Amino acid sequence: MSNLLTAPAIMTGIGLFFGTVLAVAQRFLRVDEDPRIEATNELLPGTNCGACGQPGCLAFAEKVVAGTVDPGKCTVSTDDALESIAEYLQVDAGRAEKLVSRLRCAGGQRQAHQIAEYRGFEGCRAAAVVSGGGKGCAWGCLGLGDCERACTFDAIHMNANGLPQVDTEKCRACPDCVAACPKDLFELVPLEQKLFVQCNIPLAGEAATQLCATACDACGRCAADAAPGLIRMEGNLPIVDYAAGGPATPDAVFRCPTNAIVWLEREQFQDQEARAVRNA
């Protein structure tokens, strides 16, 4: 009988001992969180998209409160929200350079040669597994809209040519479309950088243009016509390096025979769609 009573008493004593230890530790070792972090987090959009370079909004709020980043690094927040955060923390909102998503492919249904009709699960990632999809170009956009479905901000819609049209007003430069594309075709670039290469084919000459009418044929005219150092040819494709040369001007695109390199004053593919309407 005594053994039956002893065991519960011991367990109760152990529980009380460790409970007391935890209570004392919580009392003396507690680290109080700055209440401004939670308040700042409440003012953020809560999308946890990672566009700011942090793993989520709470981590970004901690950096903002610590003063290591400006509120303006959150490209998803509205101007009003950023001003509210800046006013609350008594700091300058700052303004990050606006980034937008661009597609390094202009080979839609009217330009890219089709070698097969894909029938299967509706999605680019699924099609990419089946011989790379139905296009002859193994490096181009599959046009099945994974990016459109992944976009949190309704900034991407597939156009009539089977290419994703990015609304630069709605785009918040989150990496959702970048992660969704199995061909790794999306690139986040500053909106002010208007010179853009919309081709990803590493071939040259007819080997490229037989696959797609807008393929870069590696002629090098853009590099020759651009400011010194601005464009270099690498892997049969022009690489625009704003840090190495400049200034960038439309001169670089005038002699391109395929429109593989473009000067974007408007949304990507708008001129392409306008030509299709005129020719219809």
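Can you tell me which residue is nearest to the chain's Cα centre (by Cα) among those in the stretch 54-108 that are assigned to a helix (DSSP H, G or I) and of a type in the set (D, E, K, R)? Quick ask: steps written out before the conclusion?
Our first condition is that a residue be assigned to a helix (DSSP H, G or I); within the stretch 54-108, this holds for 57-66, 71-73, 79-89.
Then keep just the ones that are of a type in the set (D, E, K, R); that gives 62-63, 73, 79-80, 83, 87.
Details: 62: 23, 63: 22, 73: 15, 79: 20, 80: 23, 83: 25, 87: 29 Å.
Looking at residues that are assigned to a helix (DSSP H, G or I) and of a type in the set (D, E, K, R), I get 73.
Using the structure shown, decide if residue 33 is at pLDDT 90 or above, more than 28 Å from residue 168 (Cβ to Cβ) and of a type outside the set (A, V, I, L, M).
Considered against the rule, which asks whether it is at pLDDT 90 or above, more than 28 Å from residue 168 (Cβ to Cβ) and of a type outside the set (A, V, I, L, M), residue 33 comes out as no.
Out of 215, 224, I need the residue that is in contact with a Cys (Cβ under 8 Å, 6 or more places away or on another chain) and either assigned by TED's automatic domain parsing to the domain that holds residue 248 or polar (S, T, N, Q) (or both). Which one? Even if it seems obvious, please write down each step before you answer.
Values: 224 fails: in contact with a Cys (Cβ under 8 Å, 6 or more places away or on another chain).
Every option except 215 fails the conditions.
On the basis of being surrounded by 15 or more Cβ atoms within 10 Å (Cβ to Cβ), closer than 23 Å to residue 138 by Cα and modelled with pLDDT of 95 or more, does residue 253 make the cut?
Values: surrounded by 15 or more Cβ atoms within 10 Å (Cβ to Cβ): yes; closer than 23 Å to residue 138 by Cα: no; modelled with pLDDT of 95 or more: yes.
Considered against the rule, which asks whether it is surrounded by 15 or more Cβ atoms within 10 Å (Cβ to Cβ), closer than 23 Å to residue 138 by Cα and modelled with pLDDT of 95 or more, residue 253 comes out as no.
Of all residues in the stretch 36-53, which are outside any helix (DSSP H, G or I) and either modelled with pLDDT under 70 or not β-branched (Val, Ile, Thr) (or both)?
Start the filter on the stretch 36-53 by keeping residues that are outside any helix (DSSP H, G or I), which leaves 44-53.
Across the stretch 36-53, the qualifying residues are 44, 45, 46, 48, 49, 50, 51, 52, 53.
Residues of the stretch 109-125 being surrounded by fewer than 13 Cβ atoms within 10 Å (Cβ to Cβ) and part of a loop (DSSP other than H, G, I, E, B), which ones?
Keep residues of the stretch 109-125 that are surrounded by fewer than 13 Cβ atoms within 10 Å (Cβ to Cβ), which gives 114, 116-117, 119-122.
Listed by number, the residues that qualify are 116, 117, 119, 120, 121, 122.
Taking the condition of being of a type in the set (A, V, I, L, M, F, W, C) and either closer than 24 Å to residue 42 by Cα or at pLDDT below 90 (or both), how many residues in the stretch 100-125 meet it?
3
Identify, from the list 116, 112, the residue that is of a type outside the set (Phe, Trp, Tyr) and without any contact (Cβ under 8 Å) to a residue 24 or more places away in the chain.
Details: 112 fails: without any contact (Cβ under 8 Å) to a residue 24 or more places away in the chain.
Criteria check complete, one pass: 116.
Hey, does the stretch 95-102 have a residue that's polar (S, T, N, Q) and more than 30 Å from residue 261 (Cα to Cα)?
no
Can you name the residue in the stretch 126-139 that is small (Gly, Ala, Ser) and surrounded by fewer than 21 Cβ atoms within 10 Å (Cβ to Cβ) and is also modelled with the lowest pLDDT among such residues?
Among residues in the stretch 126-139 that are small (Gly, Ala, Ser) and surrounded by fewer than 21 Cβ atoms within 10 Å (Cβ to Cβ), the one modelled with the lowest pLDDT is 131.
Among the residues of the stretch 169-178, which ones are touching a residue at least 24 places away in the same chain (Cβ under 8 Å), surrounded by fewer than 17 Cβ atoms within 10 Å (Cβ to Cβ) and either under 11 Å from residue 49 (Cα atoms) or not hydrophobic (A, V, I, L, M, F, W, C) (or both)?
Matches in the stretch 169-178: 175 only.
For the subset of the stretch 10-30 comprising residues that are modelled with pLDDT of 70 or more and aliphatic (A, V, I, L, M), which member is farthest from the chain's Cα centre (by Cα)?
Within the stretch 10-30, the match that is farthest from the chain's Cα centre (by Cα) is 10.
Being closer than 20 Å to residue 113 by Cα, part of a loop (DSSP other than H, G, I, E, B) and either in contact with a strand residue (DSSP E or B) (Cβ under 8 Å, 6 or more places away or on another chain) or without any contact (Cβ under 8 Å) to a residue 24 or more places away in the chain (or both) is the filter here, so list the residues in the stretch 215-240 that pass it.
216, 218
Quick check on residue 252: is it touching a Leu at 6+ places or on another chain (Cβ under 8 Å) and part of a helix (DSSP H, G or I)? Talk me through it step by step, then tell me what you get.
Numbers: touching a Leu at 6+ places or on another chain (Cβ under 8 Å): yes; part of a helix (DSSP H, G or I): yes.
When the stated conditions are applied, residue 252 passes them.
Looking at 181, 199, can you tell me which residue is buried (at least 16 other Cβ atoms within 10 Å of the Cβ), under 12 Å from the mean Cα position of the chain (by Cα) and assigned by TED's automatic domain parsing to the domain that holds residue 128? Spell out the reasoning first.
On the way: 199 fails: under 12 Å from the mean Cα position of the chain (by Cα).
The conditions single out 181.
Answer yes if at least one residue in the stretch 202-212 is under 25 Å from residue 99 (Cβ atoms) and assigned by TED's automatic domain parsing to the domain that holds residue 139, and no otherwise.
no
Please determine whether any residue of the stretch 136-153 is over 22 Å from residue 211 (Cβ atoms), assigned to a loop (DSSP other than H, G, I, E, B) and of a type in the set (Asp, Glu).
So far as the stretch 136-153 goes, no, none of its residues is over 22 Å from residue 211 (Cβ atoms), assigned to a loop (DSSP other than H, G, I, E, B) and of a type in the set (Asp, Glu).
The values are calculated or read from the model by the stated rules, or taken from the named source; none is laboratory data. Keep in mind the model is a prediction, meaning the values are calculated, not measured. No Cβ is skipped: glycine too gets one built from the backbone with ideal geometry, and neighbour counts run over all protein chains shown.
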